[in-house]
Structures are given as structure tokens and as C-alpha cells.
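Working notes, beginning with the structure itself.
The values are calculated or read from the model by the stated rules, or taken from the named source; none is laboratory data. Everything numeric in this text was worked out from a predicted model, so none of it was measured. Cβ: placed from backbone, ideal geometry, glycine included. Neighbour counts: every protein chain shown. For the accessible areas, the whole protein counts, side chains as well, though only heavy atoms, and no ligand, DNA or RNA atoms are used. Shrake-Rupley method; radii C 1.70, N 1.55, O 1.52, S 1.80 Å.
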Number of protein chains: 2
Amino acid sequence: MEIQKIPTPALLVDLDAMESNLRRMVDIFAGKPARLRPHFKNHKAPMLAWKQLRMGAIGMTCATVREAEILVEHGIDNILIANEISGEWKTDRFAQLSHHASIMVGIDSVANIRELVRAQKKYGTRLQVVIDINTGMGRCGVLPGQAAVDLARVAVEGGLTVRGLTGYEGHLQPLQPGPERDEKVRAVCRSLVETREMLQADGIPTDIVSTAGTGTCAVSGQYPGITEVQPGSYLLMDTQYIDRGATFQRSLAILASVISVRGSNHAVIDCGLKELSAERGLSTVKDLPGVKLKALHAEHGLLELEANSSQTLQVGQKIELWVHYGDATVNLHSSLYGVRHGQIEEIFPIVH
Amino acid sequence: MEIQKIPTPALLVDLDAMESNLRRMVDIFAGKPARLRPHFKNHKAPMLAWKQLRMGAIGMTCATVREAEILVEHGIDNILIANEISGEWKTDRFAQLSHHASIMVGIDSVANIRELVRAQKKYGTRLQVVIDINTGMGRCGVLPGQAAVDLARVAVEGGLTVRGLTGYEGHLQPLQPGPERDEKVRAVCRSLVETREMLQADGIPTDIVSTAGTGTCAVSGQYPGITEVQPGSYLLMDTQYIDRGATFQRSLAILASVISVRGSNHAVIDCGLKELSAERGLSTVKDLPGVKLKALHAEHGLLELEANSSQTLQVGQKIELWVHYGDATVNLHSSLYGVRHGQIEEIFPIVH
């Protein structure tokens, strides 16, 4: 079907670009000891997760118990929830899911351990954890080194299985690529690998040291002792990451329709904040030089033509915009349309 | 069920506050000629639309064909899509829905009319339109006066039924209440009512002059000749509207869980941009003075305690935040939990 015919606003992925990104990431890790565990949070599409797995990913990373549930439901095994969870409902659900698949969850406190030990006893299943390391981002996680070893000791004594460490150098993702950032990435890797050695020395053998995002994984994945990386954004590459110097191809766009034109240089599209996130910046219009997205209201986007633009906009015209922030935009849709040569070739359901 | 037991993040509405808002809006319009046609786009909950209808609303306003479809599916009649639509899929669907219920759609161009005339012929149903008036917001709409009459004439000649006018003084909603804003609201009303008189004089009788939002409807609703108002935000009152001086009660909150605590004044909650919009500003923490939401990441919220705060935060603790921007937050959820005295008393499904 031609993309002109689908109801707007619609989330599009350029299949050539996406497939190129998929292969490129596989090529980066060919022959390296570190393996790929792509992050599910970015695309939330089981059909894309399966593409990643069939191209050699060892399992999936996710951010929430609900995402782990979706992965399990879609037949996916070897899952890392790279975050802490809390509350009876979530720890119970995590324990239930552990009957179906191998799942690990991040911990950074004795309180996390206490909740998981309770759930492990209740469901009689062996729960697997990774110590979440604060690599400098200052969000969750314990500091690398002794603090991590101390926490792992409590987990082991509580009867949990400590599989290893998870880190995420989110603070390094926005930095421009280059030797300076690479050095910072390697310092993060060093702290993780040294922490694992301390665990080993303390009689806690582990098999996982997991870290990195799209911007940093090529460097982390080469660091001896990093066993796996967690990039998510590379597949549905957005302009936020491109602006940071990512070398993958932009693939994610929104299709909208012009519903109203005012004078010669203002138009309104049927796509607003409810379908396109502006949380990290406004999207840019694709293939129409001189046409700018000026603002997003809840259900409307306001386009403006530069004074000297040769473009004209008409009611009914289809407009494509590059998605600026994929994570928070994919989340607003339930279908991702795969496009090649102006045709819808695929539909990937997004599961919530 | 106690609210502590539901999985987080969860969208909550304080039932006492919501019911007070519902009654208060009914009281404002008691005995006035203008009637209530609440906007569905804000809550997207058919059970709440039915509450509004049973309290005297004459029908619903909505923003999209999909919302009209949801209303029709839930047995609701007399619907105004207060926006332009374009494209074959949407105009066809609008015509199909017109077989089931009385639905009007906004138009502001001959192109809109052409598409609707085509759909009317295809489906053999009589399509109803309202002329969308640009009341000064500068989004969609034709100017009041002759431009509106000319467009209505084209619609009538094309065989469409012109029911009247729709306006929305969105640019006046953020202004502080007071005589100055009231005068601007009345000027908008005057231009709408005068345009309707011009239509009448031109042999195009109409029965609808619809306008106004939560911030302005008390004034518009008193203006002679305004037949109905379209407030949406009053029911699930957010802090953005409260900050603008709205006299309804704040009712919409998010429940989150602390998943990680760092040092004595940082904590992380399991609620991020994917569940709580920051498009118009950050939400505030409820009932915990000295605790501030500092940032929202995709799946995390970062809390900070002021240095002199007497609060402490613990893993597993439940935190409520007032929703700052309801429109873009409700859209992220599929259930709205109705709370009274700390108990979940109701669940209102949100339909997408």
C-alpha cells in the first residue's frame, strides 16, 4: 500500500535504513567477545526484537517488568531488566515470569534484596539479579568497588543468584564521538571489570558485565571483560542521536497530513504532542527545504514556510517529519509502518 | 483496594475533587441559554463522558475522527469534531460514522469541502459541518465575517449541511482571569455571533455557535447568541490550569514508587516521560514539602530533597505527583484510577 493511503499521523520506519543499522551493529560486534543484548524500551516491537535475536543478539534488555512480560509472552528468553523494581505487585510478577524464562533484574539496595527474597520464597523460584552500578550518571546504582561487593554479599546470603553487573553511562551518550569520550567510556568499563574481579576474589563468581548504549557500545564492546552491551536507539535512529554524531542512519519519521493552510506561509498538520514528542526538541520536516515545524500543540503541529521558500503547502498534502526523540515518540503509537520506495511493506505492532 | 497496592506508575483522579468540578460546571450553566458540550480529548474516558452527559451535557466535542469513533462506539450521540480533517481515510470514516450518530466536523477551506462532498456522495449520507473561525489564536479557521460566509456558501452549494460556527480562543486560556481577559473573550463572542447573523442574512440558517475552553467558558456562556461551550480540562484539573487561576479543584495525580535512594537527598521513582508529560513543565510532588521533582528521563523521575527538609525517602515508598499537563499525560495511560480516602473506588478505562 502507498504511504499516502494510511491514516495519519503514522509512525514510519525506513526499512533500508533500519536494515542497514541492524547489520552495521552486528558487523561492529563480529568476532568481539562482547555480545549484543539490545534494549527493548526504544522500539517495544516484539517483531523487531526477534529480528535482532535472529541476527545474533543473545537476549534483550528492558526497563520495566511490563516490558519483560511482553518479551516473555512473545517467546523471548534471556532478559535483563536493567533497572531496580519495587513493590509487591512488581516483585511478585518478576518471580512469576522467572518460571517462564531466564530473567535478571537490577538491584542497588538492601531494600530491593529484601523484596526479592520475599518473592523468591513465595514463588519457590530461583531469582537472578545483577548489581546496578552508578557509572557516573548519578541516577540509580551503587558505586563500583566495595559498595557493589557488599551488596552482592547480602544478595547471595539472602539466597538470590548474583549473575553480575549492569551499568549504563547515560551521561556519556550526548558527548561528541572522539578520543576524549572514548577514554571516559574505557574508564567506566575499567571500573566495572575491576568490580567484577573483586566479586570473584570475594567468592562470588559472575558471568555478566553488561553496559553501554548506542553512542558508546563500539568502545565498550572492545574492552576486555565487558561481556555484553545494551544499545537500543541504533535501530530506529532519531535525530537527537544523529545530532550527537551517531554513525547509524536516520530511520524514524512521522507521517502527517496538512489540515489547514493560512496565507502563503502557515499550515497546520494533524500531528501534535500526543503523537510526536517534543520533550527533547522539535522535529524537523523531511524533504521540504524551507518548511519548519514551529510548534506542537496537543493535536496540531504548526508549520511555517521561510519567506523565500519555493514550497507551497496544500490541504491534504502528506508531510514527513524526522522524529527527534524516538524513545518518547514510539511510546505514543501502536503500529510502526515499515516503508520502502514509498510503499508500506511491513507493519510492526508496538506493544504496551 | 488501597492505592498502595496498585502497580505504579498509575494515573489517579481524586473523586471528591472531580465530582466537585463536575457539579460546579453544571451550576455555572444552570439557567443560561448556552449548553455544555465538554471536550473528550482531555480525558478520553467514555465513562466520564457519560457522567458529563447524565449531568446535562448536550453532546461531546472531540479533536479527531478516532475520538468520534470511540464516542459513537460507546453509544454517544451529538458529536462535534472541532477540527478540520483531511485525507480519504478520515473523510470516509467520518461519513461512515454519520450513519450511526449526529456528527459535525470543522471546515476552513474549499479543499475540506471538496473532500467531504466526495465522501457524502460515496456514502449517501448527509454530512454536517461547522465553519471553524480563527478567533485570534492563529491556528486553523477562517476569519470571522465575510470569509466565513463565503466558505459556508460553498459548503451549502456542495450539498453539505452547515450547522453553524465553532471557535476556540486558545490564546486567551493562559491569561489570568479578570476584567481584561473577560473583555477579550466577549470580543471573540461578538465576532462569532455577528458572523452567524451574516450567515442568517445570507439565507444560511444555523443553530450552533460553539466556543470556549475551561478558562473562558463562564464568560462566553453568558454572551447572548453563544449556544454552547466546549470546556475539557475542568474535570481532571491539572496544575497548569490552576497556575492560570482556574477556580476548579486540582484532581489529577500520578502515583509512583521510589526504586532507588542515593545519599540523603536524592531518590529515583519509576515514572518518567513515558507516563508523565513534561512538555509544558515539570510536575510537583504532593504532600511532601521539601521534595522536588528535578528531572524526568524516559522511565525515571529524579527527586531531590531540599537541604533543610525533614523528609526521608525510602525504596518502595509511594509518591504522588500533581499532573502539570493533563492533556498529554492522560494520553499515556489506559486506566484512570478513581480515589477516595486512599482507596481505589473506581477505574475509568481510557480508550485510544
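With the solvent-accessible surface defined on protein heavy atoms using a 1.4 Å probe, which residues belonging to region A:63-89 display a reduction of at least 50 Å² in accessible area in the multichain context relative to the isolated chain?
Listed in order, they are A:SER86, A:TRP89.
Residues of region B:113-151 with accessible area at least 20 Å² lower in the all-protein-chain context than alone (1.4 Å probe)?
Relative to the lone chain, where solvent access is computed with a 1.4 Å probe, region B:113-151 loses at least 20 Å² at B:GLY138, B:ARG139, B:CYS140.
Over region A:211-352, consider all pairs of different Cα atoms and compute the Kirkwood hydrodynamic radius from their mean reciprocal separation; express it in Å, one decimal.
The answer is 16.6 Å.
What is the mean number of Cβ atoms from other protein chains located within 10 Å of the Cβ atom of each residue in peptide A:269-280, rounded to a whole number?
Across the residues of A:269-280, the mean count of other-chain Cβ atoms within 10 Å is 5.
How much net charge surrounds A:GLN343 when only the other residues with a Cβ under 13 Å from the Cβ of A:GLN343 are counted, with Lys and Arg +1 and Asp and Glu -1?
Values: positive: A:LYS5, A:ARG340; negative: A:GLU2, A:ASP14, A:ASP16, A:GLU345, A:GLU346.
Value of the local net charge: -3.
Find the centroid of the Cα atoms in region A:123-201 and in region A:4-46, then give the distance between the two in whole Å.
26
When the chain is fully extended, how far beyond the present Cα-Cα distance does A:LYS5 get from A:GLN314, taking 0.36 nm per residue of separation?
Full-extension gain reported as 109.6 nm.
Sum -39500 (n - 2.57) across every DSSP H segment of at least 4 residues in chain B, then divide by the residue count to get the 222 nm mean residue ellipticity, nearest 500.
Working: 10 runs with 106 residues, N = 352.
Computed ellipticity for chain B at 222 nm equals -9000 deg cm²/dmol.
Distances from A:PRO224 to the same residue in each other copy, label points 7 Å out along Cα→Cβ, in nm, shortest first?
Going from nearest to farthest copy, the values are 9.1 nm.
In nm, one decimal, shortest first: how far is the label point of B:ALA201 (7 Å from Cα along Cα to beta carbon) from the matching points in the other copies?
Listed shortest first, these distances are 9.3 nm.
Please report the residue of chain A with the smallest beta-carbon distance to the A-to-B rotation axis, and give that distance in Å, no decimals.
Taking Cβ atoms only, the nearest residue and its distance are A:GLU279, 3.
Rolling a 1.4 Å sphere over the protein heavy atoms, what is the accessible area per residue of the protein assembly as shown, to the nearest Å²?
Here the per-residue accessible area is 37 Å².
Can you tell me what share of the DSSP beta bridges in region B:15-233 is antiparallel? A percent to the nearest 5 is fine.
0
Test of understanding: what is the full-extension gain from A:ILE58 to A:HIS74, defined as 0.36 nm times their sequence separation minus their Cα-Cα distance? Can you show the working numbers first?
Working: separation 16, 0.36 × 16 = 5.76 nm, distance 1.55 nm.
Between A:ILE58 and A:HIS74, full extension yields an extra 4.2 nm.
Between copies, how far does the label point of A:GLU157 sit from its twins, in nm, shortest first, when each point is 7 Å from Cα along Cα→Cβ?
8.8
Name the residues of region B:6-30 whose accessible area, probed at 1.4 Å, falls by at least 30 Å² once all protein chains are in place instead of their chain on its own?
Buried by the other chains: B:PRO7.
Rounded to the nearest 100 Å², what is the buried accessible area between A and B, both sides summed, probe 1.4 Å?
Using a 1.4 Å probe on protein heavy atoms, the buried area is about 3800 Å².
If you take every residue apart from B:GLY136 with its C-beta less than 14 Å away from the C-beta of B:GLY136, what net charge results, scoring Lys and Arg +1 and Asp and Glu -1?
+3
Taking a point 7 angstrom from the Cα of A:TRP50 along the C-beta vector, which residues in region A:326-349 have backbone N less than 13 Å away?
A:347-349
With a Förster radius of 30 Å, plug the Cβ-Cβ distance of B:HIS99 and B:THR247 into 1/(1 + (r/R0)^6) and report the FRET value to the nearest 0.05.
0.15
With the crude spin-label approximation of a point 7 Å out along Cα→Cβ, what separation in nm comes out for B:GLU306 versus A:SER334?
That separation, rounded to one decimal, is 4.4 nm.
Between B:HIS352 and A:GLU345, how many nm apart are label points set 7 Å from Cα along the C-beta direction?
Once both label points are built, they end up 2.7 nm from each other.
May I ask you to give the percent of accessible area on region B:162-281 that is carbon plus sulfur, with a probe radius of 1.4 Å?
Roughly 49 percent, rounded to a whole number.
Any idea which of A:VAL117, A:ALA307, B:GLY75 is furthest toward the positive side of the dipole for the protein assembly as shown, if Lys and Arg beta-carbons carry +1 and Asp and Glu beta-carbons -1?
In the protein assembly as shown, that residue is B:GLY75.
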